[in-house]
Each structure stands twice: as structure tokens, then as C-alpha cells.
Amino acid sequence: MSKRGWWITGGIVALAALVVVLLVTRPWLAFIDVRVDETLPTAVATVEPAEPNATETPEPAEPVQLSAGTFISHEHETTGTVRIIENPDGTRVLAIENLATTNGPDVHVWLSASDVVEGFDGWFVAGGAPFYDLGIIKGNLGNQLYDIPADVDLSQFRSISLWCVQFGVSFGAAQLS
């Protein structure tokens, strides 16, 4: 093959490799924001017993906040808060409020059994711990709700992670308390 033929073949292979890399990493997502503004429930912090000596707590008439946390940044700058809320009918939701992070490929919302670790060391912690995947993130900005199935034991999970499945890294995480 001539020198020109090698250059053409090399150019075609390089172009094909570039297309594959772009399709896998989708770098343009970093420049596209998706805002979600779902209505978040207002929750009371605790439920008080009906009488001072009562042993049973009454059914709440409004949503109750079970736990909360604040996002810290990992791979990408991430801010916002999370709350796990139990509705009067017993259903539970994860409410993410004022989220601001980078959009990315295949980012999921995880309930994680790991504690949140700040800095570079925390980027990979959630990937090595048990987790429950609540689904792909609805948007990288705003307020959003995720249903938590009744069979999920919340006592097993200590944090929320915005986990990029494709690259195995946390965008940000919030310790629950």
C-alpha cells in the first residue's frame, strides 16, 4: 500500500475511534442542563404522642421527615439537600431539593450503605457498598422526587449518592442523619 493509502486508512481508523469515544463519554452533556421542578412535600420533623403517657404514636396527618442530608461534591461540583419523607399513607419518597450538579451519562440516584467520605477518596466509596438504585437522575438541576419501595429497609442505608454507573464514580453524596 502506498504512503497515501496508509494515511487514508489511519485517518479512517482515527475517525472511527473518535466517534466511539464520543458516543461512550457523551461530553456534550456537560454543557446541557436539565431542570426538574417537582412539588416537594412539606414534612414535620417528628410525630408527638397524643397524650403525655401514651405509648403509641398517632398516625401522622401530614408527611414526616425520617432523615436528611446535604450534598458534598465528589467528581463534579454538587450542591443541594436530600430528605427521606414518609407520607400519611405509609409510602416513602426521597426528595432532592435545590440540586445543582453537572449533567452526565448514566447518573443514578442510590441509597447507599456507605458513609460519605469527602475528597478524592470518597469518589468510589459507594460503588463498593450495598446500594438500592432509585433510578436514573431526572435532571441535574432543581427539585425532584423518587419513590422508595415499601420493602426497602432504610436502616441499611446511610447516604444518598449520585452515581455515574458508566464510569463507576460518585458525582456527589449526602450523609443521612
Given charges of +1 on the Cβ of Lys and Arg and -1 on the Cβ of Asp and Glu, with all other atoms neutral, how large is the dipole of region 32-175 about its Cα centre, in debye to the nearest 20? 360 debye
Length gained if Asn98 through Gln156 is fully extended, taking 0.36 nm per residue and subtracting the Cα-Cα distance, is 18.3 nm
Taking the dipole of region 69-116 about the Cα centre (Lys, Arg +1; Asp, Glu -1; charges at Cβ), the one of Gly69, Ala100, Asn87 that reaches farthest to the positive side is Asn87
Within 10 Å, count the other beta carbons around each residue, average over each peptide in 121-133, 165-177, and list them highest first. 165-177, 121-133
Could you tell me the largest-minus-smallest coordinate of the C-alpha atoms of region 32-175 on each of the three principal axes, in descending order and whole angstroms? 52, 30, 24
Could you give the length gained on full extension between Ile8 and Ile32, defined as 0.36 nm per residue of separation minus the Cα-Cα distance, in nm? 5.2 nm
Length gained when the stretch Gln166-Ala113 is fully extended (0.36 nm per residue, less Cα-Cα span): 17.1 nm
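Throughout, read-outs are computed from the coordinates displayed, never taken from laboratory work. Because the structure is predicted, anything quoted here is derived from the model rather than measured. In this analysis, Cβ positions are derived from the backbone assuming ideal geometry, glycine residues included, and neighbour counts consider all displayed protein chains.
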